[in-house]
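A short worksheet on the structure shown next.
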Amino acid sequence: MNAMRRLLIYIALALLAAAPAMYLRFTGLRPGPILDAGIFGLAVLAAGFILSWGAEAAESRVSQGLMLAGLALVTVLPEYAIDIYYAFRAGQAPGSNYVHYAAANMTGANRLLVGFAWPMIIFLHWWRTRDRTVDLLESNKIELFFLLIASIYAFVILFKDRIDLFDFFALLAIFGGYMWRVSRAPKREQDDDDDDEDDVEPGPAAVLETLSPRAQWLWTGALTLVAGTIILLSAEPFAESMIGAGRALGVDEFLLIQWIAPLTGESPEILLAILFVLAARPGTALVAMISDKINQWTLLVGALPVAMSIGAGSLISLPLSARQHEEFFLTAAQSLFGLSLLLGLRLTLGGAAVLAGLFGIQVTLAFFLQHQPSLEIAALTAMGWIYLLLAAVGFGRNLPRLLSTLRRSRSKPT
């Protein structure tokens, strides 16, 4: 099968998956919230994969760090669209549950990455090779430095008990600094992850790479336009159907929005990470997930007050209620603990098991305590302090490497 035919088949399958949602969108038909959530969620998922193909194909043309940062940003656009919709509606209806939904989607997306996606990479790599660690490169100290800055800044937001436009500019500056630094990194660094790369077929992105530069950019632009249109048309009905599905199932819609909606939005990036691991590039997979965490912990958080202000027609901030304060605290604490495990420029099987175990406990507690708000808040607080204590131990053990990270990230790349 020639390359172009294969590419067209991939695109056709993705569009076929999105077709039922487009039919419902344009006809106005709504079979029911649960079915709606499945149909529109599938469309968002398909659009995410379309977006990822062009971004991944750019790897040979830009620095690897910039490629992974761009790939992380592009593939989570579905997640951004859903969360920004909730924030926009919160601005239109101050005091409504949409404020809680926006915060829930953001905290869930961030905790899903660290508690599920990072360990998944290590477990899959261990299953394939029996190697108990995934190593990062020296240049990946850039990612660790900016994740540290973003995680520290999260506690500034906690102190204020709100996310406002000042936070947007501060977080935008952090993300801009990150993109500038990775853009100056070497175009490609060779390591052991690449040994078997040529033996694995990575899929649609590889087909795009066979085209001329002009044709590749034209295809990438067209795919981005199509996928972006699907996401924009699907975001609102998917977001609303998640609320209705929760009520229909008798499950707190907050929990579905916090865990199921982000899982849908994150799926393209998670699958790409799996493909990287299967291509014997686990380090690349882990860096992609770290980049994903950085852009969500900066741009996604900062975008919420902007979307709320647009919805309200005036400058407002996103307040953190008692529950949202603890949700954000837990997310920030988990971020610091995950970072503490990476200071040795590796993530071990044991560290991944702790991340996954604690994540499983917090999700289980959330569902068991969903009808007991006071106990739920207490559980969030306790989990947050557990993460902080573990993070303190990790930072203490890796203080020399932490100082090296700070020095390396401030120095000019060679």
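The values are calculated or read from the model by the stated rules, or taken from the named source; none is laboratory data. This one's a predicted model, so the numbers in the text were calculated from it and none came from an experiment. Here the Cβ is made from the backbone with ideal geometry for all residues, glycine too, and neighbour counts use every protein chain on show. Heavy atoms of the whole protein, side chains included, go into the accessibility calculation; ligands, DNA and RNA do not. Shrake-Rupley method; radii C 1.70, N 1.55, O 1.52, S 1.80 Å.
Centre-to-centre, using Cα atoms only, the range 341-387 and the range 23-53 are separated by 31 Å. How long is the gain from Q370 to I34 if the chain were fully straight, where each residue apart is worth 0.36 nm and the alpha carbon distance is subtracted? Residue separation times 0.36 nm, minus the Cα-Cα distance, leaves 119.0 nm.
Across the chain, C-alpha contacts under 8 Å between residues 6 or more apart give a mean separation that, scaled by the residue count, equals a relative contact order of 32 percent.
Once you reduce the range 104-119 and the range 267-307 to the center of their Cα atoms, the two points are 10 Å from each other. The residues of the chain have, on average, 40 Å² of accessible surface per residue, using a 1.4 Å probe with all protein chains present. Put simply, when 334-345, 213-224, 91-102 are sorted by average Cβ atoms within 10 angstrom per residue, most first, you get 334-345, 91-102, 213-224.
For the pair the range 207-263 / the range 121-154, the C-alpha centres are spaced 26 Å from each other. Taking V363, V134 and ordering them by how much accessible surface each has at a 1.4 Å probe, largest first, produces V363, V134. Taking amide hydrogens as placed 1.01 Å from N in the peptide plane, the amide H of R162 sits under 5 Å from those of L320, each at least 5 positions away in sequence or on another chain. Just one of [x] 4, 20, 31, 25, 13, 5, 1, 0; [y] 4, 18, 26, 24, 17, 8, 2, 0, 0; [z] 5, 22, 33, 27, 12, 1, 0 is P(r) over Cα pairs in 10 Å bins from 0, in percent calculated from these coordinates, so which is it? Only one option fits the structure, namely [z]. For the chain, the fraction of 1.4 Å probe accessible surface lying on carbon and sulfur atoms is 67 percent.
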